[in-house]
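Report on one structure; see the data block that follows.
We did not get these values from a lab; they are worked out from the coordinates using the rules stated. It should be emphasised that the depicted structure is a prediction, and the values quoted were computed from it without experimental measurement. In this analysis, Cβ positions are derived from the backbone assuming ideal geometry, glycine residues included, and neighbour counts consider all displayed protein chains.
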Amino acid sequence: MSNRSVYFFSTLIGSSFISIFMLASFSFAGADDNAKLKALENAVTSPAASGMVKKPRTRAIVFDNEPQTGGGVATPATEPTQEPGKQATAPEMNCNALPTDVATTAVDFAIQFKVASAVIAPASEPILGQIAKILALAPNKCILVEGHTDTTGNADKNLKLSRDRADSVVQFMVEKTGMGRNRFVPVGKGSSDLLKNVSPTDPAHRRVVFKIVG
């Protein structure tokens, strides 16, 4: 076999190997996102745990003005009856008053933004759209949305940027799902909660974490 033939086959095999490697890498990334979306769906659709922060319900005791027989026994006020044809509304939750030790299920996504900005990059809109559809399955749950950065740059600016990015994601979710803005709690973490065993300046720290309460 001539040297030219050997070179041709070597190039062909090398190109095929690179193509297979790239395809495998792309499939792995997609599978990773799919696994995270499934974990998010499980967290959203699982029964809510007790301990949710709800506005307390009070029940007044009404006393008649007229003297009563039997020692003036207090007469409990009757609860309002539900109007025919109207569905009962769930108790309103105050998601901004969650206790610090509230149980959550966290799922993180590598959401991209424009450089040094809170503007969501178009490349991340499809995955955010999928997340929005999942969150819409349970509009009665509180959702913490955390923005994270690496340690590159000024810490105070990173903290503000992470909060602004969390706000942008919340706004995206509200517009796509129609859920109330009060269901979301945006949180800026800056570089205070880095991934374990990862260099502090690694861009992998730049992520958005969705924490489903309950």
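Below are the figures for this structure:
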{"read-out": "Subset of region 98-136 (residues that are of a type in the set (Ser, Thr, Tyr) and over 20 Å from THR151 (Cα atoms))", "value": "THR100, THR104, THR105, SER124"}
{"read-out": "Search result, residues across region 186-214 that are under 20 Å from ILE131 (Cβ atoms) and small (Gly, Ala, Ser)", "value": "GLY188, ALA204, GLY214"}
{"read-out": "Residues of region 196-214 satisfying the condition of being part of a loop (DSSP other than H, G, I, E, B) and either small (Gly, Ala, Ser) or touching a His at 6+ places or on another chain (Cβ under 6 Å) (or both)", "value": "SER199, ARG207, GLY214"}
{"read-out": "Residue list for region 116-132, restricted to those being touching a Ser or Thr at 6+ places or on another chain (Cβ under 8 Å) and surrounded by fewer than 18 Cβ atoms within 10 Å (Cβ to Cβ)", "value": "VAL119"}
{"read-out": "Residue count for region 174-214, restricted to those that are basic (Lys, Arg) and free of Cβ contacts under 8 Å to residues at least 60 places away in the same chain", "value": "4"}
{"read-out": "Those residues of region 160-214 which are within 29 Å of SER46 (Cα to Cα) and polar (S, T, N, Q), in sequence order", "value": "SER162, SER168, GLN171, THR177, ASN182"}
{"read-out": "Residues (farther than 15 Å from LEU144 by Cβ and touching a Gly at 6+ places or on another chain (Cβ under 7 Å)) located in region 162-195", "value": "LYS176"}
{"read-out": "Close pairs (9 angstrom Cβ cut-off, 6 or more residues apart or separate chains): without any contact (Cβ under 8 Å) to a residue 24 or more places away in the chain and outside any helix (DSSP H, G or I) in region 149-168, surrounded by fewer than 17 Cβ atoms within 10 Å (Cβ to Cβ) and of a type outside the set (Phe, Trp, Tyr) anywhere", "value": "GLY153/ALA116"}
